[in-house]
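FYI, it's all coordinate maths here, none of it is from the lab. Here the structure is a predicted model, which means the values were calculated and not measured. Note that each Cβ is placed from the backbone with ideal geometry, even for glycine, and that neighbours are counted across all protein chains shown.
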Amino acid sequence: MPRQASTPSNLGFALLGLLARRRSTGYELSRRMERPVGYFWTAQHSQVYPELTRLERAGLVRHVVVEGAGPRPTKRYAATPAGMRALREWVASEMEPQPVRDLETLRLWSIWTVDREAARSLVAQARSRHVGTLEAYERELAEIVDTPQARDHAHPWFASRLTLHGGVLSRRAAVEWCDWMLHELE
């Protein structure tokens, strides 16, 4: 089903999800898109401001001007009640199948075209990235896992705990897969 003009894009919903957690400037939203949202959804800094303008035109966010260090006024955004309603409806709506675009797996699919050492190097690089990501997820999860907020389904930390746990499981599986591939390449 095509999006209506006032329906946010996926980036718009990501921004609404961030603003549901706390009011933020465009710069702060860009930083928060890097971490934690960047673990599972990416956007360029240059995409954030035009999307905020679209969300504001649709009445889903509003801003107040606050003092800032720059030459232009600093806008601090918040989700409106309509924005919160749109976010809740989107979260609860049926998910459409998402195309899979996994460059690592695409390269591994053609690993047979390179010599054994190049193949081992590719897998070792992938393993190293997965280990680094796993460690980051585990650190963040350890910071919140035992808090009461992480057990309260109506608190943002509950969702953070769920997604970080999923990230830990998926990165552990990826490391295990890389170890298996390295064994196969011996």
Relative to the Cα centre, what is the charge dipole magnitude of the range 103-184, using +1 at the beta carbon of each Lys and Arg, -1 at the beta carbon of each Asp and Glu, and rounding to the nearest 20 debye?
-> 140 debye
DSSP loop (so not H, G, I, E, B), at most 10 other Cβ within 10 Å: list which trypsin sites (Lys or Arg not before Pro) in the range 99-170 pass both filters.
-> Arg101
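Take the Cα gyration tensor of the chain, multiply each eigenvalue by 5, square-root it, and list the three semi-axes largest first, rounded to whole angstrom.
Semi-axes, largest first: 37, 20, 17 Å.
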Specify whether the C-alpha gyration tensor of the range 103-184 places it in the rounded, prolate or oblate class, a ≥ b ≥ c being the square roots of the eigenvalues: rounded for a/c under 1.5, otherwise prolate if a/b is larger than b/c and oblate if not.
-> prolate
In the range 34-72, what trypsin sites (Lys or Arg not before Pro) fall in a loop by DSSP, with at most 12 other Cβ atoms inside 10 Å?
-> none
Label the range 10-92 by shape, choosing from rounded, prolate and oblate, from the square roots a ≥ b ≥ c of the eigenvalues of the Cα gyration tensor; if a/c is under 1.5 it is rounded, and otherwise prolate applies when a/b is larger than b/c, oblate when it is not.
-> oblate
Each residue of the range 74-80 in order: what ³J(HN,Hα) in whole Hz does its phi give by Karplus 6.51 cos²θ - 1.76 cosθ + 1.60, θ = phi - 60°, with x for Gly and Pro?
-> 9, 9, 9, 9, 9, 6, 7
Highest-MSF residue in the chain out of Ser24, Ser128, Ser160 [GNM, Cα springs under 10 Å] | Ser128
